[in-house]
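A short worksheet on the structure shown next.
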Amino acid sequence: MTTVHTSSIQSLPLLARGKVRDNYAVGNDRILMVASDRLSAFDVIMGEPIPGKGVLLTQMALWWFERLGHLCPNHLTGEAPESVVTEAEVPQVKDRSMLVKRLKPIPVEAVVRGYLAGSGWKEYQESRSVCGVPLPEGLRNASKLARPIFTPAAKAAMGEHDENISYDRVVEMVGPTLAQQIRDTSIAIYETAAQIALAKGMIIADTKFEFGLDEAGTLVLMDEVLTPDSSRYWPVEGYDEALANGTNPPSYDKQFVRDWLESTKVNGKPWDKTPPAPRLPAEITEKTAAKYREALDRLTAG
């Protein structure tokens, strides 16, 4: 398997490089999305790739797209990504790419939380609410919420942090009808996916979706979906103990890298979360790759 930190497809115009994906224009109506092996943590791209990560992310997203189509159309064209590049470029796109419809992206990260974790837990401690959604007293780190909540974020420019916003702000940005459709669709997808994952022994604590509009104005699910990059996956084993102790449950995402970065020192001081990132030791990249692999294996088993 080819490791790709940064793809270089010369036969197509580059549209944009995101934290993980490199997007190329295919005519005016399609995009070739290549999932690299880059990893970003705290919105900073690490210098060391996670071997095989782009392939695992793509396979996982495709697996989910297949199971969620009844809830919302998605951006896949059904065409082979290899068909739009030169023969020499095939190893860069094989198994790690999607050939998708070009949509008008909606500038809202549709975040759904079924459990209290990460920035949601931080906000709850300060205000007993998350993104303006009031929550009851007495919740703990990793508590399951009575029902999933929609806690959107505004997409930030590259290198900036996405900013949590209220539902009212989404209404201002896209109008009440579309805002409600995004919220209802996001929660429906999350609830369906959470049930499927739980049957495989995994908890999806929270996730983020991205949507676009096609030419007819239809809401379309796009980008990646329910990967360990866009979602917090916890194995059911160890969850109860973590909840009781008030600690973060073990996870299948990049929490592993985040924890290492939080504890590492640069010139004797904690890293300030600005580029350049500290060099990731081989042990950390290998363990992270194994976590991604385990998540996909558990999900697709049986």
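The values are calculated or read from the model by the stated rules, or taken from the named source; none is laboratory data. Since this is a predicted model, take the numbers as computed values, not measurements. Cβ atoms come from the backbone with ideal geometry, glycine included; neighbour counts cover every protein chain shown. To get the accessible areas, we keep the full protein, side chains included, count just its heavy atoms, and leave off ligands, DNA and RNA. Shrake-Rupley method; radii C 1.70, N 1.55, O 1.52, S 1.80 Å.
Given R0 = 25 Å, the distance between the Cβ atoms of Gln181 and Asp43 translates into a calculated FRET efficiency of 0.30. Among the lysines of region 152-266, pairs that are 8 or more positions apart or on different chains and have alpha carbons within less than 27 Å of each other number 6.
Across the options Thr288, Met173, Ser8, the greatest Cα extent toward the positive end of the charge dipole of the chain (unit charges at beta carbon of Lys, Arg, Asp, Glu) belongs to Thr288. Annotation: amide H of Gly47 within the under-5 Å range of Ala277, Leu280, sequence separation 5 or more or interchain, hydrogens built in the peptide plane.
Summary of the geometry: region 111-165 and region 1-73, compared by the centres of their Cα atoms, lie 26 Å apart. Helix-only arithmetic for the chain: the sum of -39500 (n - 2.57) across DSSP H runs with n ≥ 4, divided by the residue total, places the mean residue ellipticity at 222 nm at -10000 deg cm²/dmol. Using a 10 Å Cβ count of at most 16 others and DSSP loop calls, identify the longest part of the chain lacking such GluC sites (Glu not before Pro). Longest run free of exposed loop sites: 1-78. Using a cut-off of 13 Å between beta-carbons, work out the net charge of the residues near Ser83 (Lys and Arg +1, Asp and Glu -1, Ser83 not included). Within the 13 Å Cβ shell, the charges total -2. Contact order for region 1-118, expressed relative to its length and based on alpha carbon pairs under 8 Å spaced 6+ residues apart, stands at 27 percent.
Within the accessible surface of region 79-166, defined with a 1.4 Å probe on protein heavy atoms only, the carbon and sulfur portion equals 52 percent. Each of Trp260, Ala244, Met222 was placed along the dipole of region 185-302 (beta-carbon charges, centred on the mean Cα), and the one lying farthest toward the positive end is Trp260. For Lys269, the aspartates and glutamates whose Cα comes closer than 18 Å to its Cα, not counting residues fewer than 8 places off in the same chain, are Asp259. The residues of the chain have, on average, 47 Å² of accessible surface per residue, using a 1.4 Å probe with all protein chains present. If the segment from Arg17 to Val236 were pulled out straight at 0.36 nm per residue, it would be longer than the present Cα-Cα gap by 75.4 nm. Each residue of region 261-274 was assigned a 3J(HN,Hα) from its phi angle through the Karplus expression (A = 6.51, B = -1.76, C = 1.60, θ = phi - 60°), giving 5, 5, 9, 8, 10, 10, 6, x, 10, x, 4, 8, 6, 10 Hz with x at Gly and Pro.
Distant-in-sequence amide contacts of Val26, defined by a placed amide H-H separation under 5 Å and a gap of 5 or more residues or a different chain, comprise Ile31, Leu32. Lysine pair count for region 51-128 with Cα-Cα distance under 28 Å and sequence separation of 8 or more or different chains is 4. The figure for Tyr190 is an accessible area of roughly 10 square angstrom, using a 1.4 Å probe on the protein chains alone. The slack between Val133 and Arg258, meaning 0.36 nm per residue of separation minus the straight C-alpha distance, is 42.3 nm. Remark: the Asn245-Asp297 segment gains 15.9 nm on full extension, using 0.36 nm per residue and subtracting the alpha carbon distance.
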